[in-house]
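Visitor: Dropping a structure here in C-alpha cells format, bear with me for questions.
The values are calculated or read from the model by the stated rules, or taken from the named source; none is laboratory data. All values reported here derive from a predicted model rather than from experimental measurement. Please note: Cβ atoms are built from the backbone with ideal geometry, for glycine as well, and neighbour counts cover all protein chains shown.
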Amino acid sequence: MTGWKPIPRKRDDRLEAYPTEKDDRLEAYPTWSTTLDSQPPMHDVFAELRWRGLIHQATDPATLPAWLLEKPRTVYAGFDPTADSLHVGHLMALMILRRFQRAGHRPIALVGGATGMIGDPSGKSEERNLLSVEQLRANIAGMEPQLRRFLQFDAGPNPALLVNNYDWMGRFGYLEFLRDVGKHFPVNVMLTKDSVRSRLERTEAGLSYTEFSYMLLQAYDFVQLFDQHGCEGQVGGSDQWGNITAGIDLARRLRGVQLYGMTCPLLTRSDGQKMGKSEAGALWLDPAKTSPYHFYQYWINLDDADVDTCLRFFTDLPQDEIHRVLAEHETDRGRRTAQRRLAAELTRLVHGPEGLAIAERATAIFFGAEIGDLTDAQLRGIFADVPSRELPRASLQGDGLPVVEALVAAGLAKSKGEARRTITQGGAYVNNRRAADLDRRLTPDDFVGGAAVVLRSGKKKYGLLRFV
C-alpha cells in the first residue's frame, strides 16, 4: 500500500450552479438590493439585531459585539435547494445577511448543491425525499436570482459572495472525506445535538446514516469558507445551532482558529403555528408560485399580535419609524395601518416597485376599482385564483355575446334566469363596471389584457373569460 493516493472523484458538471454565459433568468429577477444605498449606515450590527429580536443564541455573547466592531468581518448563511424558489422562512437569514452588509461586513450566501443532495434533518420529523441531480440544478438556478435581490454582489466596498458547496464537496472521494474530515467528529458529541437526538427519540422515524452525516458536510463548509474567504461567522435559524457549533469545533481542530456563530428564532406566529403558510401552501418568493397580490394580501391579513415582530424582522424601517407606525395603528386598528406598511415594505423588497404596484392595483380592483389598462401578465397575476374559461372569439361576432350568457359561461350564474335576476338586482359587473342593461353584450371593446373580460357577481365573486 506504499504510495497509495485517493482516487479523485469525477466532478458532476450537471450541478455546476453558475454558468459563465449570460443567464436570461437573471434578467427576469431585477436586483432590488440597490435599495441598500438609500439606507443609513449601521455601526453596531449586534445591537441592531438584538433590538429587532433576531438573536436567539450566540457563541461568546459577551465578546461577540466588540469582535464585530473591531473590523469588517465575513459572515455566511446557507440555503439548501430543496425547491426551485426561496420562501418566507428564508427571509430571516436573508435579512440578517442584509443587515451585516449594511454594517460594513461581507456576507456570503451559500447554496447547498452538495448538502441539498443529503437533506438536513434539523427541525424535521422524518427524512426528506432525495432529489435528483437535475432537480437540484433547476432549484439552484431558481434560487440564485432571488438571493441577488437582497444583497449587493457587484458593488461597494464589501460585495456579497454567492457560492455553491458542491464546488468543494464534489471533488471528495468517500474514503478521503472519512480520513480528512470524519475522524475529527466524536460520535458521542454528535449524538447530543438536538437535530440528532430529537430524531433518535422518534421510534417511528429514526435517523438514517445519510442524514446523520449532514452535520459533517455543513461543518466542513464553514472550514472551507474560512480557508477561501476568511469567513469567521455563520448565521442561521435556531434549528441550525448544532450544525453551526459543529463547524466551529471542526475549525478549531483542523485550523486552530476561533470562529463564531449566531442563530435567530424560528419564524412562528403568536399562536405557535409556523408563519409563511397560506391556504395554498408555502408563501414563495417566486411570483410564478405566489403572485405579488397574494404575497401582499398575506401580510395585510396578518394578526395584530404578529405585526410588530414582522416589522422588526423583515423591514429596513428604523426603530423610531416602527414605533410611529404602531402608535398610529393603535388609534384605529380597523384601518390596519401597520399591516399595510409591512405589506408594502416587504412586497417592494421581494417583488420590486412594479410588483408592489401590481399588488396594490389588484387590491383596489378586488375592492371594486375599475379595470383598465392591464397587461395579460398582470391580469393573470391578479386573477390567478379566479375561475377562468376560454371561449372562441367567434362568439363575439355580430352584436356580441350577451352578458346573460357570459355570466353563465363564467360560472357566475347557474342559468340564464339567475343571470337576469343578478343583472336586474344590480349585482352584475363587467370589468368592475355595473352592467344594468339586460341587453348588454360583450364586444372586443371590453377586452382587458389583450383578449379577456373580467366578470363579477355581487361584491366578491369573480370570473374570467378569455376569447381565443
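Visitor: Sort through Ala357, Ala384 and tell me the only one that's part of a helix (DSSP H, G or I) and either without any contact (Cβ under 8 Å) to a residue 12 or more places away in the chain or closer than 19 Å to Gly411 by Cα (or both).
Guide: On the way: Ala384 fails: part of a helix (DSSP H, G or I).
Just a single option satisfies the conditions, and that option is Ala357.
Visitor: Taking Asp306 and the conditions (1) more than 26 Å from Glu48 (Cα to Cα); (2) modelled with pLDDT of 90 or more; (3) of a type in the set (Asp, Glu), which numbered condition does it fall short on, given that it satisfies the others?
Guide: (1)
Visitor: Hey, another quick one. From the list Leu217, Leu250, exactly one residue is under 26 Å from the mean Cα position of the chain (by Cα), part of a helix (DSSP H, G or I) and buried (at least 16 other Cβ atoms within 10 Å of the Cβ). Which is it?
Guide: Going through Leu217, Leu250 in turn, just one is under 26 Å from the mean Cα position of the chain (by Cα), part of a helix (DSSP H, G or I) and buried (at least 16 other Cβ atoms within 10 Å of the Cβ): Leu217.
Visitor: Only one of Gln135, Gln152 is in the same structural domain as Cys231 (by TED's automatic domain parsing) and modelled with pLDDT of 90 or more; which?
Guide: Details: Gln135 fails: modelled with pLDDT of 90 or more.
Going through Gln135, Gln152 in turn, just one is in the same structural domain as Cys231 (by TED's automatic domain parsing) and modelled with pLDDT of 90 or more: Gln152.
Visitor: Val386 versus (1) hydrophobic (A, V, I, L, M, F, W, C); (2) surrounded by fewer than 22 Cβ atoms within 10 Å (Cβ to Cβ); (3) not assigned by TED's automatic domain parsing to the domain that holds Val430: which is the lone unmet condition?
Guide: For Val386, the failing item is (3).
Visitor: Also: Go through (1) touching a Gly at 6+ places or on another chain (Cβ under 9 Å); (2) not in a strand (DSSP E or B) for Val75 and report which single condition fails.
Guide: For Val75, the failing item is (2).
Visitor: Can you find a residue that is within 15 Å of His90 (Cα to Cα) and in contact with a His (Cβ under 6 Å, 6 or more places away or on another chain) anywhere in the range 284-305?
Guide: Within the range 284-305 (the criterion being within 15 Å of His90 (Cα to Cα) and in contact with a His (Cβ under 6 Å, 6 or more places away or on another chain)), the answer is yes, since at least one residue qualifies.
Visitor: If the Cβ limit is 8 Å and pairs must be 6+ apart or interchain, which residue in the range 405-428 that is at positive phi pairs with which residue that is in a loop (DSSP other than H, G, I, E, B)?
Guide: The qualifying pairs are Gly411/Pro387; Gly426/Ala436.
Visitor: Could you list, ordered by first residue, the pairs with Cβ atoms under 7 Å in which the first is in the range 441-468 and within 17 Å of Thr375 (Cα to Cα) and in contact (Cβ under 8 Å) with a residue 40 or more places away in the chain and the second is of a type in the set (S, T, N, Q) and in a strand (DSSP E or B), at least 6 apart or interchain?
Guide: Going by the 7 Å Cβ cut-off, the qualifying pairs are Leu464/Ser388; Arg466/Ser388.
Visitor: Filter the range 280-304 for residues that are more than 20 Å from Leu97 (Cα to Cα), part of a loop (DSSP other than H, G, I, E, B) and either among the hydrophobic types (A, V, I, L, M, F, W, C) or assigned by TED's automatic domain parsing to the domain that holds Phe222 (or both) and give the result.
Guide: Ala280, Leu283, Ala288, Leu302
Visitor: Test Thr309 against the stated conditions and say whether it is outside the structural domain of Asn139 (by TED's automatic domain parsing) and in a loop (DSSP other than H, G, I, E, B).
Guide: Values: outside the structural domain of Asn139 (by TED's automatic domain parsing): yes; in a loop (DSSP other than H, G, I, E, B): no.
Answer is no for this residue.
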